[in-house]
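Have a look at the structure below, then the notes.
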Amino acid sequence: MLMGKQTEQAVMDRVVLIPFHECWEWVGVGFVNDRGYGKVRWHGKKYRAHVLLFELHLGPVPSGLELDHVCRNRTCVNPEHLEPVTHRENLLRRWRAVQRDRVVG
Ligand SMILES: [Zn+2]
């Protein structure tokens, strides 16, 4: 999927770039679903916002993989903060993050 100027504008209109903050916060229609992810309808197809942004910028998510938020911010749609990983790896990272929070907090 290549990104034309119009496509880029339509998508980026729904993103807030926070100064001094590397995350791109999704503020699109529908805002976030119950699991905390941004969601969006694009050309008749439903996407999670971060998946759409990743595909528009970097191409399709490799099959069998899911996108992990390296920054742990679920509403972030910065393609550079997303890494395709296996479901197992994703769960493992989430578990580690929870453990870490427990230690700190
Ligand atoms: Zn981020």
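The values are calculated or read from the model by the stated rules, or taken from the named source; none is laboratory data. Being a predicted model, the structure only gives us computed values, none of them experimental. Note that each Cβ is placed from the backbone with ideal geometry, even for glycine, and that neighbours are counted across all protein chains shown.
Observations
- Check on Lys39, at pLDDT 80 or above and either over 17 Å from Glu83 (Cα atoms) or of a type in the set (Ser, Thr, Tyr) (or both): no
- Among the residues listed as Asn73, Asn78, the single one being under 17 Å from Met12 (Cα atoms) and among the polar types (S, T, N, Q): Asn78
Yes or no, residue by residue, for (1) outside any helix (DSSP H, G or I); (2) on the phi > 0 side of the Ramachandran plot; (3) within 15 Å of the ligand (Cβ to nearest atom):
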| position | (1), (2), (3) |
| --- | --- |
| Leu53 | no, no, yes |
| Ser63 | yes, no, no |
| Leu67 | yes, no, yes |
| Arg74 | yes, no, yes |
| Leu91 | no, no, no |
